[in-house]
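Asks: Mind having a look at this structure? Questions to follow.
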Amino acid sequence: MEYRIREHPILGEIEETKKVRFTYDGKTMEGREGEPVAMALKAAGVQIHRYTRKKHEPRGIFCAIGRCTDCVMVVDGVPNVRTCVTPLKEGMRVETQYGISARPPEKEGK
Ligand code: FES
């Protein structure tokens, strides 16, 4: 199931753009070219974009206007990318961010 708005009471009918492929944590996904990365993920049912540095709590879209940083992810190897205001492009590599990296923290005792 795709969670995507097709018609809006104020904006009217939403024009569909070209489909593009990208990866999310290694999985190939499809989105619409130029839509925010966060919206492509939301349409696919992805809610968690990052885990906080100290308490490892999940975060996702909050403000959706590029102000809060809750949606930051590692995009094409670059951390702290605000996915709610970053246009989706063909072949993007999007990864969950753990603190400041794309790697989950090591478990204690290992
Ligand atoms: S959701 Fe707030 S900056 Fe993206």
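The values are calculated or read from the model by the stated rules, or taken from the named source; none is laboratory data. Remember, predicted model here, so these are calculated numbers, not experimental data. Cβ placement follows ideal geometry from the backbone for every residue including glycine, while neighbour counts extend to all protein chains displayed. Surface areas here come from the heavy atoms of the whole protein model, side chains and all, with no ligands, DNA or RNA. Shrake-Rupley method; radii C 1.70, N 1.55, O 1.52, S 1.80 Å.
Asks: Have a look at the DSSP beta bridges in the chain and tell me what percent are antiparallel, nearest 5. Don't jump to the answer; show the numbers that get you there.
Replies: Working: 17 of 21 bridges.
Bridges in the chain are about 80 percent antiparallel.
Asks: Specify the inter-centroid distance of the range 12-29 and the range 64-93, based on alpha-carbon positions, in whole Å.
Replies: One Cα centre to the other: 14 Å.
Asks: Per-residue counts of other Cβ atoms within 10 Å, averaged by peptide: what ranking do you get for 53-62, 28-37, highest first? All intermediate terms of the calculation are to be shown ahead of the outcome.
Replies: Working: 53-62: 12.2, 28-37: 17.3.
Packing order, densest peptide first, comes out as 28-37, 53-62.
Asks: Tell me the carbon and sulfur percent of the accessible area for the chain, rounded to whole percent, probe radius 1.4 Å.
Replies: Details: 3880 of 7660 Å².
Carbon and sulfur together cover 51 percent of it.
Asks: Turning to a different aspect of this structure: Compute for the range 7-98: radius of gyration divided by Kirkwood radius, i.e. Rg/Rh, restricted to C-alpha atoms, rounded to two decimals.
Replies: Values: Rg = 13.2 Å, Rh = 13.4 Å.
Here Rg/Rh amounts to 0.98.
Asks: Quick check for you: with a 1.4 Å probe and neighbouring chains kept, what is the accessible area per residue of the chain, in Å²? Walk me through the numbers before you get to the answer.
Replies: Values: 7660 Å² over 110 residues.
For the chain, the solvent-accessible area averages 70 Å² per residue.
Asks: For a quick check: with amide H placed at 1.01 Å from N, whose amide H comes under 5 Å from residue 32's, ignoring anything fewer than 5 positions away on the same chain?
Replies: 20
Asks: Under a plain spin-label model, where a point goes 7 Å from the Cα along Cα-to-Cβ, how far apart in nm are residue 65 and residue 23?
Replies: Roughly 3.5 nm, to one decimal.
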